[in-house]
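Student: Following this message is one structure expressed as structure tokens.
No lab work stands behind these numbers, since they all come straight from the coordinates. The structure displayed is predicted, hence computed values, not measured ones. Using ideal geometry, Cβ is built from the backbone for each residue, glycine included, and neighbour counts are taken over all protein chains shown.
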Amino acid sequence: MAKHRPTYTKEFKLAILAQVNSGLPVAQMARENGIHPQLVFKWKSDFLEDPEKAFAGPGNPYKDQAKIAGLERMVGR
């Protein structure tokens, strides 16, 4: 049986990062929320790299763009 990989919302990730930035230890935050500490560090590096595009959500943006282009072609007919 395959393991289920949990998904976390952007709001949850930002809340965790806000608590870590306020001075709480990463290990404590991870323990309280049932996540691995390394995941918090990854979220932090993703956010620091590009805050606007961090945590864009699941899925491939190319698929969304391709779907929009296909719908625009249908409307143009």
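Student: Pairing the Cα long axis of helix 10-21 with the longest principal axis of the chain, what angle in degrees results, from 0 to 90 and rounded to the nearest 10?
Tutor: Approximately 30 degrees, to the nearest 10.
Student: Would you mind putting 19-27, 36-44, 2-10 in packing order, based on average other-beta-carbon counts within 10 Å, highest first? Display every interim value, and only then the final one.
Tutor: On the way: 19-27: 12.1, 36-44: 14.6, 2-10: 7.9.
Answer by packing, highest mean first, reads 36-44, 19-27, 2-10.
Student: To continue, here is another question. Helix-only estimate, please: 222 nm mean residue ellipticity of the chain, summing -39500 (n - 2.57) across DSSP H runs of length 4 or more and dividing by its residues, to the nearest 500.
Tutor: Working: 4 runs with 49 residues, N = 77.
Computed mean residue ellipticity for the chain: -20000 deg cm²/dmol.
Student: From the phi angles alone, apply the Karplus equation (6.51, -1.76, 1.60; θ = phi - 60°) to region 36-42 and give each ³J(HN,Hα) in whole Hz, x where the residue is Gly or Pro.
Tutor: Using θ = phi - 60°, the values come out as 7, x, 4, 5, 5, 5, 5 Hz.
Student: Provide the FRET efficiency to the nearest 0.05 for the H36-A56 pair, computing r from the beta carbons and using R0 = 22 Å. Kindly include the intermediate steps, with their values, before the conclusion.
Tutor: On the way: r = 21 Å, r/R0 = 0.96.
About 0.55, to the nearest 0.05.
Student: Along the Cα→Cβ direction, 7 angstrom out, place labels at E49 and E11. What is the inter-label distance in nm?
Tutor: Result: 2.6 nm between the two label points.
Student: If you compute semi-axes √(5λ) of the Cα gyration tensor in Å for the structure shown, which of [x] 59, 15, 8; [y] 18, 17, 10; [z] 34, 16, 9 do you land on?
Tutor: [z]
Student: Report the gain in length on full extension from N21 to E72: 0.36 nm times residue separation, minus Cα-Cα distance, nm rounded to one decimal.
Tutor: Working: separation 51, 0.36 × 51 = 18.36 nm, distance 4.34 nm.
Contour length minus the Cα-Cα distance gives 14.0 nm.
Student: Considering only lysines 8 or more places apart in sequence, or on different chains, count the pairs in the chain whose C-alpha atoms sit under 15 Å apart. Present the calculation step by step, with values, prior to reporting the outcome.
Tutor: Numbers: K10/K42; K10/K44; K10/K53; K13/K42; K13/K44; K13/K53; K42/K53; K44/K53.
Within the chain, the lysine pair count is 8.
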